[in-house]
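The values are calculated or read from the model by the stated rules, or taken from the named source; none is laboratory data. Just so it is clear, the structure is predicted and the values come from calculations on it, not from any experiment. Note that we place each Cβ from the backbone using ideal geometry, even for glycine, and neighbour counts take in every protein chain shown.
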Amino acid sequence: MTESSIHQTKLNDITNWGIRAAIGVIFIVQGSGKFNSGFANMLGNMGIPVEMQIPIALAEVIGGILLIVGVLSRISASLLAIIMLGAIFVVKGASNLTGNGGYAIDLLILAGVLMIITAGPGRISIAHIVKKLPRCLH
């Protein structure tokens, strides 16, 4: 039986951290903009309770920070995946992949957070450095 050794290379660690950092920065920037009242008005127009503004914004900002530092990455990526599914199906209506109202970028971000859920935070993370966290909390 052959075995792949790609998981033990520095390039894999750097790539894993790069994906986590890029997605984390996107969510921090987008989430910080959702604290404005305009986002609450948009939620109300879509039929979503306005009270969801703060939980959505906090989940994006805190989830992005946790992804970058590599603590609770799988849990925060799971929450962000739920948010991205909401963005694709509720906000954009999953009507067209490209063009006006397209969800192509949302789908790419969803694929990235699903990769983080399956691969975990990697070796360039606080969860790997501490090593006392249970594997399910990485």
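Report the residue count in the stretch 118-131 for those that are outside any helix (DSSP H, G or I) and surrounded by 14 or more Cβ atoms within 10 Å (Cβ to Cβ).
Summing the residues that are outside any helix (DSSP H, G or I) and surrounded by 14 or more Cβ atoms within 10 Å (Cβ to Cβ) in the stretch 118-131 gives 6.
Of the conditions (1) farther than 18 Å from Val25 by Cα; (2) touching a helix residue (DSSP H, G or I) at 6+ places or on another chain (Cβ under 8 Å), Lys132 fails just one. Which one is it?
(2)
In the stretch 82-105, which residues are crowded, with 19+ Cβ neighbours inside 10 Å and under 10 Å from the mean Cα position of the chain (by Cα)?
Ile83, Met84
Output the residues belonging to the stretch 64-89 that are of a type outside the set (A, V, I, L, M), in a helix (DSSP H, G or I) and closer than 14 Å to Ile117 by Cβ.
If the condition is that a residue be of a type outside the set (A, V, I, L, M), in a helix (DSSP H, G or I) and closer than 14 Å to Ile117 by Cβ, then Ser73, Arg74, Ser76, Ser78 are the ones that fit.
Within the stretch 90-117, which residues are more than 20 Å from Ile28 (Cα to Cα) and either modelled with pLDDT of 90 or more or assigned to a loop (DSSP other than H, G, I, E, B) (or both)?
Those that are more than 20 Å from Ile28 (Cα to Cα) and either modelled with pLDDT of 90 or more or assigned to a loop (DSSP other than H, G, I, E, B) (or both): Lys92, Gly93, Ala94, Ser95, Asn96, Leu97, Thr98, Gly99, Asn100, Gly101, Gly102.
Looking at Gly63, Gly86, Gly47, which one is over 30 Å from Lys132 (Cα atoms), small (Gly, Ala, Ser) and at pLDDT 90 or above?
It is Gly86.
Which ones in the stretch 30-52 are part of a helix (DSSP H, G or I) and closer than 28 Å to Met115 by Cβ?
The answer is Gln30, Gly31, Ser32, Gly33, Phe39, Met52.
Any residue in the stretch 19-29 that is crowded, with 19+ Cβ neighbours inside 10 Å, at negative phi, among the aromatic types (Phe, Trp, Tyr) and part of a helix (DSSP H, G or I)?
yes
Counting only residues that are surrounded by fewer than 15 Cβ atoms within 10 Å (Cβ to Cβ) and in contact (Cβ under 8 Å) with a residue 12 or more places away in the chain, which one in the stretch 41-64 is nearest to Asn16 (Cα to Cα)?
This residue is Leu58.
Identify the single condition in (1) over 17 Å from Ile117 (Cβ atoms); (2) surrounded by fewer than 15 Cβ atoms within 10 Å (Cβ to Cβ); (3) without any contact (Cβ under 8 Å) to a residue 40 or more places away in the chain that Ile14 does not satisfy, given that it satisfies every other one.
The single condition Ile14 does not satisfy is (3).
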